[in-house]
Amino acid sequence: MPSFRMMNFFSRVKTRRTKKTIRKNRNKKPHKPRNQTCISSITNNSPPLIEEDDNEEGFSIKSSAPSHTHGVQPLGNLYFNPGSINSRDTGLGNLLTLTDELVLDILAFLDGTSLGILASVSKSFYVFTNQEPLWRNLVLENLIDGFQYNGSWKTTFVSACYPLFDVSCSGGVRSFKVRDFYSDYLFQSWLCANLEMKPEWLERDNIVRKRGISVEEFVMSFEEVNKPVLLEGCIDNWDAVRKWDRDYLMKLCGDDVKFAVGPVEMKLREYFGYSDQVREERPLYLFDPKFAEKVPTLGSEYEVPVYFREDLFGVLGNERPDYRWIIIGPTGSGSSFHVDPNSTSAWNAVIKGSKKWILFPPDVIPPGVHPSPDGAEVASPVSIMEWFMNFYGATKNWKKKPIECICKAGEVIFVPNGWWHLVINLEESIAITQNYVSRRNLLNVLDFLKRPNASILVSGTTDRVNLHDKFKNAIEASFPGEIDELTRKDEEKKIQQRKLSIWDSIADSSVGAFKFSF
């Protein structure tokens with residue numbers, strides 16, 4: 001397993017690729033805008049390796065990692081080859097002055113035929129037009145009813161859209177390597193797809209773990225104070241824990257049922273075929289909110305743990321927002337930093353596999369994450385691995401460190417409302433998650449649903465604007481006086497907190513006396 005160390009050539013200042021997640025049109029994803037990261041001299045067969053710092057641990061490439069498909073090397077390698085000319089620059093013509101991400105943004109407007117024609121113009125255009133994210137977008141935009149992944153996104157697109165073209169024939173859509181092509185931006189996508197998780201990224205486990213606690217203890221110690229907890233042993237009786245694996249799920253669901261995978265619908269057989277072959281920076285995640293309606297047996301083989309059975313959104317019946325999902329993904333798949341929808345709390349039960357969790361409280365924005373003031377947009381690193389590479393280390397010295405854990409099969413994590421969290425699968429995983437509203441969180445949800453930009457922020461329903469009124473009226477009809485009582489208690493709690501704050505401001509604990517300010 002080769003390892004290496006990374007540096008910023010000629011500069012200690014890192015610039016990073018970012019993506020912007022926008023709640024509107026969340027399925028419309030052309031090419032992600034991102035900033036370059038300088039990468040040291042790194043390839044599978046590159047000679048010199050550079051160290052940024054003597055005490056900085058190196059990164060390890062997966063032992064099964066292939067070399068970059070088209071021979072792209074990090075820009076630092078250019079400086080170890082005196083006399084070399086970057087072939088990236090010699091074949092772009094007037095586009096030479098554009099950044100690599102802008103070139104790809106422009107190419108994202110082309111269809112497959114146009115990309116194929118442009119690939120024959122120069123070596124540089126050959127490399128750019130064969131970048132997998134371009135072909136992935138074409139597949140996801142044009143094959144929304146599912147597809148058979150065929151080794152690469154380009155081959156998948158060609159074989160589906162041009163069935164008469166024999167992709168297995170000599171010279172089909174196979175790639176060749178371009179000599180002396182240097183690009184940090186293009187190389188980093190390959191790098192993030194093939195890096196091993198560093199041991200130090202996995203060793204911190206500071207979440208509270210509980211087994212066999214009462215509902216009252218859960219409410220008082222965790223839900224009331226909005227604190228995460230990992231619960232052990234509370235899903236041991238699930239049929240899903242005993243039954244759910246690939247073979248069982250594919251047999252149960254057959255070839256008639258399709259599940260939501262990003263913007264497309266796929267059969268389980270198709271999805272597992274994809275996940276077995278793919279190695280990319282952001283693997284597709286099966287994340288379906290209607291799984292129990294599509295396959296009722298799936299819904300009957302698990303039950304909500306006793307701690308989460310008060311779910312007030314249930315008063316809306318079939319009009320409630322999406323609230324439960326089956327989640328399946330390969331190693332490296334997951335969710336970048338986000339806050340759960342509609343200010344709800346959530347629980348996530350791992351049935352097979354394991355997941356690394358990182359959580360920040362509502363008042364702490366994770367490093368590298370930049371939400372807009374209204375919460376409608378979030379700019380963050382392109383991939384989960386990139387966040388670990390560039391930002392995880394910074395949290396070591398934070399006063400408010402994140403809550404971290406590895407949630408294994410049979411364990412359930414409670415994610416309180418408003419908490420930022422990132423999740424990455426450490427192996428192929430199957431999980432169930434549900435979002436819910438209890439009395440402890442009802443006022444927060446009602447406040448969220450009536451925000452001025454609710455039409456953008458509210459998710460999981462087609463009636464975003466009227467959801468607040470529908471929900472409030474249904475609660476008042478089912479639980480008369482409950483909202484008023486919760487509001488009264490909340491005001492009393494705020495008054496008590498203000499009193500404590502005033503006392504703290506005048507008490508000088510260091511001398512055991514008082515200090516007054518006039």
Note on the stretch 354-382: residues assigned to a loop (DSSP other than H, G, I, E, B) and more than 20 Å from I403 (Cα to Cα) are S372, P373, D374, G375, A376, V382
The stretch 122-151 residues that are under 20 Å from W190 (Cβ atoms) and open to solvent by less than 20 Å² (accessible area, probe 1.4 Å), paired with ones that are hydroxyl-bearing (S, T, Y) and not in a loop (DSSP other than H, G, I, E, B) (beta carbon under 7 Å, 6 or more apart) | S124/S87; S124/T90; V139/T156
Selected residue [assigned to a strand (DSSP E or B), over 16 Å from G460 (Cα atoms) and touching a strand residue (DSSP E or B) at 6+ places or on another chain (Cβ under 6 Å)] from I326, I351 = I351
1 or more residues loosely packed, with under 12 Cβ neighbours inside 10 Å and of a type outside the set (S, T, Y): qualifying helices (runs of 4 or more DSSP H) within the stretch 190-263 = 199-203, 215-218, 246-253
The stretch 85-109 - residue that is part of a helix (DSSP H, G or I), among the hydrophobic types (A, V, I, L, M, F, W, C) and open to solvent by 20 Å² or more (accessible area, probe 1.4 Å) and, of those, farthest from Q73 (Cα to Cα) | I106
If we ask which residues in the stretch 451-475 are surrounded by fewer than 18 Cβ atoms within 10 Å (Cβ to Cβ), over 27 Å from the mean Cα position of the chain (by Cα) and touching a residue at least 12 places away in the same chain (Cβ under 8 Å), their number turns out to be 2
Kindly indicate whether N194 is of a type in the set (S, T, N, Q) and under 30 Å from Q73 (Cβ atoms).
-> yes
Can you name the condition, by its number, that V339 falls short on among (1) open to solvent by less than 10 Å² (accessible area, probe 1.4 Å); (2) touching a Gly at 6+ places or on another chain (Cβ under 7 Å); (3) of a type in the set (V, I, T)?
-> (1)
Please work out if V178 is buried (at least 17 other Cβ atoms within 10 Å of the Cβ), of a type in the set (V, I, T), in a loop (DSSP other than H, G, I, E, B) and modelled with pLDDT of 90 or more.
-> yes
Members of the stretch 390-410 found to be under 26 Å from F187 (Cα atoms) and either open to solvent by 20 Å² or more (accessible area, probe 1.4 Å) or part of a loop (DSSP other than H, G, I, E, B) (or both), listed by number = N390, F391, G393, A394
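The values are calculated or read from the model by the stated rules, or taken from the named source; none is laboratory data. This structure is a prediction, so every number in the text was calculated from the model and none was measured. Here Cβ is always computed from backbone atoms with ideal geometry, including for glycine, and neighbour counts include all displayed protein chains. What goes into the accessible areas is simple: the full protein's heavy atoms, side chains included, and nothing from ligands, DNA or RNA. Shrake-Rupley method; radii C 1.70, N 1.55, O 1.52, S 1.80 Å.
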